Amino acid sequence: MSGPRVGEAAAFRVADQLAGKEPWEVFGDRVRRYEIHFRGDTIEMTRGPVALEGYGVRLFRSHDGATGVGYQASNDFSPEGVRDAVDAAERAARYARFPVARVELPSGHGASGGIVEVLDRGLWEYPVDSLDSYFAALRAAFEGREKTSQLSFGSVRATLSETSICNSAGLRTGYGHTTVELEVAVKGIGGPEGPAPGEYWVNDSDRRLRPGELPERVDDWCRFAEDVRRGRPPPTGETAVVLPPTVLSGILPIVFGGRFTGAARLRRAAPEPGTKLGEDIATVYDDGRVPWGPMSSPVDDEGVPQRRRTLLDHGTVSEILYDTLHAGAFGTRSTGNSFRGIAMGMRTWFRFLQPPIIAPSTIVLEPGKGGLEAELIEAAHDGIWIQEIGWSSPDPITGTFGGEIRLGYRIRDGKLAEPVRGGTVGGSALAVEGSPSLMTRLEAVGSRASFAELVFTPPVLVRSLTVAGD
Amino acid sequence: MASSRRRNRRGHQDYPPWVYRFRVGSMGELSDCEGNLYHAVARLAQRTPFVEVLAEASAGLSVRVDAHITSFQTPPRLRGAVFRAWTRTGWTEVSISGLDTSSLRFAESAVERVLARRPAHEEPPGLSSIARLEKTTPMERPVRDMDEERLVRLAKDILSWAEGVPDIRETEVQLSWRIDERLYLNSSAARCSQAVSRVRGYVSPVATENGRAESDRLVHGGVGGAEIFDRITSEEVRRTAETSRALLHSKTPPLGKQAVLLSPSMTGYFAHESVGHGAEADQFVRNRSYLQPLLGEVVGPEILTIVDNGAYPGAWSEIYADDEGHPAQRTVLIDHGRLVGALHDRDTAAALGALPTANTRRADVFSRAFVRMTNTYVEPGESSFDELVKEARNGVLLEAGVAGIEDPQGGQIQLKARMGHRIENGKVTDLVSAMALSGRVLEFFASIRGVSGKQDFVLDSGSCGKGRTDFMPNAAGGPYVLGTAVVGRA
């Protein structure tokens with residue numbers, strides 16, 4: 001099965017009870033979740049099925065040239081439960097205000113979402129066996145490494161969702177999708193005598209299980225965990241840094257999500273199209289159709305097909321992102337960027353609980369001519385490769401970011417040298433024209449992109465960022 | 001560890017007499033399903049030595065207002081439960097949304113299937129709660145009176161206070177209340193019914209100039225009634241807006257290793273990240289806490305005492321019982337510089353020869369239980385703020401904690417401050433922009449040379465995840481703390 005059982009879809013069951021409440025929208029989710037939690041190489045707990053089915057009703061009511069939007073989520077599908085949810089949404093709509101006279105909900109006619117690969121069929125059909133096999137593969141990938149590194153703890157959690165959306169404009173759509181969240185702490189016990197064991201943390205969000213990639217990935221994780229033990233804080237100062245996709249994933253989605261949206265435009269915080277915010281080598285897209293992207297889907301959470309949008313075109317602001325409401329406020333059309341369950345760049349697995357907000361899908365940095373990793377390191381000559389930041393905690397309002405260097409490597413004479421651990425790195429990711437920022441100090445963009453959660457990007461070389469250490 | 005509880009003859013736990021003073025009866029949202037839950041537990045108890053159920057329902061209202069939009073986000077009408085049963089190979093859990101008979105039957109059948117495959121013949125490790133309590137948050141003014149109309153009116157008043165300040169172009173106000181009702185039953189006859197009312201206000205005035213934007217934030221949150229909204233005063237809102245404006249012209253912070261004076265909110269992040277996470281005993285069982293080998297040792301100065309206290313009245317993360325049915329308590333982690341305690345659930349307590357500390361918490365009934373903090377703070381000392389500034393001589397005052405992250409294995413922390421002030425020649429001088437502090441916790445402990453008094457004590461309201469999921473309300477705080485650490489840009 002590759003999609004919702006249409007007649008039983010959560011949203012459709014509620015929609016049948018909403019006659020006379022136009023305009024309305026219902027978003028439904030039927031979710032099964034399975035989890036394996038492990039400690040070392042043994043299973044600590046298995047969970048599942050965690051069965052959750054619910055819906056969110058959104059009502060739109062006109063008042064004095066504005067629209068009151070009311071939302072209520074519930075998991076009570078009884079006629080009384082739906083009536084209760086609708087009454088609560090009506091009450092909220094009476095006092096809520098959004099500056100648009102009339103809401104144009106997507107009808108579902110015209111361009112369709114088409115096919116986007118977001119469902120792991122093996123996982124969908126055999127969730128328990130798939131997770132068991134994945135954990136076995138993970139355990140096997142650590143065999144023979146006992147003297148230098150170990151699995152410390154972690155979890156693999158699979159969510160199987162049937163999403164359904166319908167509205168009073170005639171839209172009835174739905175799709176099935178899978179999400180896999182992997183959390184692994186790898187303990188390094190090899191290397192120098194004296195220091196406490198080091199840990200390297202892996203947090204990954206994907207649409208499918210990829211056990212075949214584990215041996216290669218575990219090689220890297222173990223090397224990083226061992227290097228954590230040897231790392232020392234860097235010297236304080238401005239220095240060239242290379243940021244890989246894993247670090248950019250903690251910065252770019254929140255910063256672009258904070259500024260390149262209709263919500264930011266309403267607050268007069270969005271950049272004007274044509275503004276120069278980055279080097280010519282910086283071309284950034286938002287792409288909701290990247291195969292297997294955690295935010296990819298045929299349609300967004302209002303049922304508008306997702307597309308690729310250009311945010312920065314050779315450093316110049318091109319487009320910003322809209323949902324239906326904000327598009328209406330500015331007389332434009334939704335870009336298919338309405339999502340639920342988003343907070344600080346992370347997404348919850350039960351999405352119907354929250355009304356939608358505007359957010360990027362997958363942030364894509366167009367590959368450049370910087371070459372492979374070794375060429376970027378050579379171009380940096382002296383600086384630091386930042387492998388992992390504790391939490392870069394970007395501020396969506398100011399565009400600044402910064403955090404502790406969990407693991408990095410000094411770059412000396414164009415080559416990776418000793419590991420770095422401790423101290424901080426930070427600066428501005430997006431700043432007004434003429435001010436220093438990650439985008440205005442881009443020296444080179446690598447030639448090969450890879451996925452890291454909500455970004456698809458090559459590593460980048462930044463001319464200078466502020467590092468504080470010993 | 002630090003607890004005076006005793007075991008009774010059945011191996012269960014005796015509780016102090018106050019636990020029993022609450023009247024046993026039925027509460028609002030969950031009253032209609034208690035009988036069915038009770039019978040489900042009773043039936044499953046015939047197949048396993050131990051089974052428990054936690055049911056949850058919530059109600060509330062949240063409004064967000066800015067110059068353009070007024071929107072509501074009411075908590076979902078979500079009712080559900082999680083059953084946990086002991087099997088031959090460990091715990092098994094099944095969660096359901098809906099508390100109707102067919103949902104409960106589904107959960108019961110799923111648990112029965114696992115028990116049929118993996119029957120347990122022995123009791124699970126650790127102490128099963130036998131507590132019976134029922135408690136609802138006392139309120140001076142019922143929070144349910146804050147309906148849509150009243151909440152919007154108050155939010156708009158607050159908005160107008162901020163927007164009266166020059167250069168404040170955009171302000172966001174969020175006011176919310178939520179009553180979280182949880183009912184815990186187990187096969188040892190425990191019954192804990194609690195309804196916790198959390199109320200919170202958030203104001204973020206954004207100042208802009210020449211394309212640069214800066215924002216300070218004001219947050220008040222606690223367990224109680226509508227009276228908590230009264231803590232947001234016009235003076236405080238205007239002061240926050242003035243700070244946003246001043247941040248437009250703030251200087252860059254001094255970088256590198258230096259004297260750092262932590263404000264109460266930063267002290268809270270420090271307590272939470274440095275000791276709180278490291279003392280969650282599941283990290284001990286996983287052999288990944290830098291604190292574990294130091295239990296019983298002196299790790300800091302005499303002036304440093306850090307506690308976790310789920311029973312702190314009115315604090316944002318006050319609970320009446322944890323999600324294993326143990327009544328909330330105060331647990332001392334560092335007592336005058338000595339590491340004396342850890343936070344436990346029944347499993348970790350059993351594994352380490354300790355007693356549960358009422359720190360088992362679930363983000364919701366769809367998430368697994370972990371050992372979690374509640375209200376974690378540094379106890380006040382005796383210095384004054386002025387004395388600490390003078391003692392620091394040169395360095396930086398870090399204010400307005402934003403975020404923190406810990407590394408229990410390596411004993412490192414990272415804390416982020418939204419702003420601060422330089423300290424020069426024993427005086428507080430220029431306003432500086434956002435900073436990140438990093439360093440080894442034990443080195444920071446060793447550097448602590450002053451803790452201010454109770455007049456400065458503040459508990460902030462926030463949230464905390466386990467890994468990157470399972471976020472739940474947490475409070476942290478303390479007075480001013482003076483030490484030495486590396487500071488960088490953020």
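The values are calculated or read from the model by the stated rules, or taken from the named source; none is laboratory data. This one's a predicted model, so the numbers in the text were calculated from it and none came from an experiment. Positions of Cβ are generated from backbone atoms using ideal geometry, with glycine treated the same way; all protein chains shown enter the neighbour counts.
When only residues in the range B:441-490 that are of a type in the set (Val, Ile, Thr) and within 20 Å of the chain's Cα centre (by Cα) count, which is surrounded by the fewest Cβ atoms within 10 Å (Cβ to Cβ)?
B:Val458
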Only one of B:Leu37, B:Leu61 is within 12 Å of another protein chain (Cβ to nearest Cβ) and either closer than 30 Å to B:Gly201 by Cβ or not β-branched (Val, Ile, Thr) (or both); which? B:Leu61
Filter the range B:254-265 for residues that are away from chain A (no Cβ under 14 Å) and either in contact with a His (Cβ under 6 Å, 6 or more places away or on another chain) or among the hydrophobic types (A, V, I, L, M, F, W, C) (or both); the one that is nearest to B:Gln292 (Cα to Cα) is B:Leu262
Of all residues in the range A:411-438 being in a loop (DSSP other than H, G, I, E, B) and away from every other protein chain (no Cβ under 14 Å), the one that is nearest to the chain's Cα centre (by Cα): A:Gly414
Report the residue count in the range A:245-293 for those that are more than 15 Å from the chain's Cα centre (by Cα) and either in the same structural domain as A:Leu209 (by TED's automatic domain parsing) or in a strand (DSSP E or B) (or both). 3
Return the pairs, sorted by first residue and then second, in which the second residue is part of a loop (DSSP other than H, G, I, E, B) and modelled with pLDDT of 95 or more, the first residue lies in the range B:293-320 and is of a type in the set (Phe, Trp, Tyr), the beta carbons are less than 9 Å apart, and the residues are 6+ apart or on different chains. B:Tyr312/B:Glu318; B:Tyr312/B:Ala328; B:Tyr312/B:Thr374; B:Tyr320/B:Thr137; B:Tyr320/B:Gly310; B:Tyr320/B:Ala311; B:Tyr320/B:Ala328
Being outside any loop (DSSP other than H, G, I, E, B) and at the interface with chain B (Cβ under 10 Å from one of its Cβ atoms) is the requirement here; does A:Trp201 meet it? yes
For A:Ser447: the one exception among (1) in a loop (DSSP other than H, G, I, E, B); (2) farther than 17 Å from A:Leu248 by Cβ; (3) touching a residue at least 24 places away in the same chain (Cβ under 8 Å): (2)
Suppose the filter is within 22 Å of the chain's Cα centre (by Cα), crowded, with 23+ Cβ neighbours inside 10 Å, small (Gly, Ala, Ser) and within 14 Å of another protein chain (Cβ to nearest Cβ); does A:Ser361 pass it? no
Of everything in the range A:389-404 that's part of a strand (DSSP E or B) and at the interface with chain B (Cβ under 8 Å from one of its Cβ atoms), which residue is surrounded by the most Cβ atoms within 10 Å (Cβ to Cβ)? A:Glu404
Of those in the range B:183-212 that are polar (S, T, N, Q) and in contact with a strand residue (DSSP E or B) (Cβ under 6 Å, 6 or more places away or on another chain), the residue nearest to B:Glu34 (Cα to Cα) is B:Ser193
Exactly one condition in (1) in contact with a helix residue (DSSP H, G or I) (Cβ under 8 Å, 6 or more places away or on another chain); (2) within 14 Å of another protein chain (Cβ to nearest Cβ); (3) at pLDDT 95 or above is false for A:Trp385; which is it? (2)
Top-ranked residue in the range A:27-57 [being among the aliphatic types (A, V, I, L, M), more than 8 Å from chain B (Cβ to nearest Cβ) and more than 19 Å from B:Arg118 (Cα to Cα); ranked as surrounded by the most Cβ atoms within 10 Å (Cβ to Cβ)]: A:Val57
Which of the residues that make up the range B:354-368 are on the phi < 0 side of the Ramachandran plot and away from every other protein chain (no Cβ under 14 Å)? B:Ala354, B:Leu355, B:Pro356, B:Thr357, B:Asn359, B:Arg361
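Please verify whether A:Val118 is in a loop (DSSP other than H, G, I, E, B), in contact with a strand residue (DSSP E or B) (Cβ under 7 Å, 6 or more places away or on another chain) and in contact (Cβ under 8 Å) with a residue 40 or more places away in the chain, treating the condition exactly as stated. Please lay out each step first, then the result.
On the way: in a loop (DSSP other than H, G, I, E, B): yes; in contact with a strand residue (DSSP E or B) (Cβ under 7 Å, 6 or more places away or on another chain): yes; in contact (Cβ under 8 Å) with a residue 40 or more places away in the chain: yes.
When the stated conditions are applied, A:Val118 passes them.
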Test B:Glu242 against the criterion of being among the acidic types (Asp, Glu), in contact with a strand residue (DSSP E or B) (Cβ under 8 Å, 6 or more places away or on another chain) and at pLDDT 95 or above, and give yes or no. no
Kindly provide the set of residues from the range B:158-169 that are in contact (Cβ under 8 Å) with a residue 60 or more places away in the chain and assigned to a helix (DSSP H, G or I), ordered by number. B:Ile158, B:Leu159, B:Trp161, B:Ala162, B:Glu163
Can you name the helices (runs of 4 or more DSSP H) wholly within the range B:262-355 that have at least 1 residues being closer than 24 Å to B:His220 by Cα? B:264-270
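Conditions (1) over 23 Å from B:Ala246 (Cα atoms); (2) of a type in the set (Asp, Glu), marked per residue:
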position: B:Glu391; (1), (2): yes, yes
position: B:Ala403; (1), (2): no, no
position: B:Leu431; (1), (2): no, no
position: B:Gly453; (1), (2): yes, no
position: B:Phe471; (1), (2): yes, no
position: B:Gly477; (1), (2): yes, no
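Do you know which residues across the range B:473-490 are among the hydrophobic types (A, V, I, L, M, F, W, C), within 14 Å of chain A (Cβ to nearest Cβ) and touching a Ser or Thr at 6+ places or on another chain (Cβ under 6 Å)?
Within the range B:473-490, just B:Val486 meets the criteria.
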May I ask you to list pairs of residues, at least six apart or on different chains, whose Cβ atoms are under 7 Å apart, with the first in the range B:85-101 being farther than 20 Å from A:Phe350 by Cα and more than 10 Å from every other protein chain (Cβ to nearest Cβ) and the second being assigned to a strand (DSSP E or B) and hydroxyl-bearing (Ser, Thr, Tyr)? B:Ala85/B:Thr92
Subset of the range A:63-108 that is among the polar types (S, T, N, Q) and within 11 Å of chain B (Cβ to nearest Cβ) - its residue that is surrounded by the fewest Cβ atoms within 10 Å (Cβ to Cβ): A:Ser78
Of the conditions (1) without any contact (Cβ under 8 Å) to a residue 60 or more places away in the chain; (2) assigned to a loop (DSSP other than H, G, I, E, B); (3) not small (Gly, Ala, Ser), A:Glu302 fails just one. Which one is it? (1)
Scan the range B:128-156 for residues that are free of Cβ contacts under 8 Å to residues at least 24 places away in the same chain and touching a helix residue (DSSP H, G or I) at 6+ places or on another chain (Cβ under 8 Å) and jot them down. B:Glu149
Determine whether B:Leu437 is modelled with pLDDT under 95 and not acidic (Asp, Glu). yes
As an exercise: evaluate A:Val156 against (1) buried (at least 21 other Cβ atoms within 10 Å of the Cβ); (2) under 15 Å from A:Asp219 (Cβ atoms) and give the number of the one condition it does not meet. (2)
Cβ contacts < 9 Å: first residue farther than 20 Å from A:Phe153 by Cβ, restricted to the range A:209-225; second residue hydroxyl-bearing (Ser, Thr, Tyr), any location; separation 6+ or different chain. Result? A:Arg210/A:Tyr134
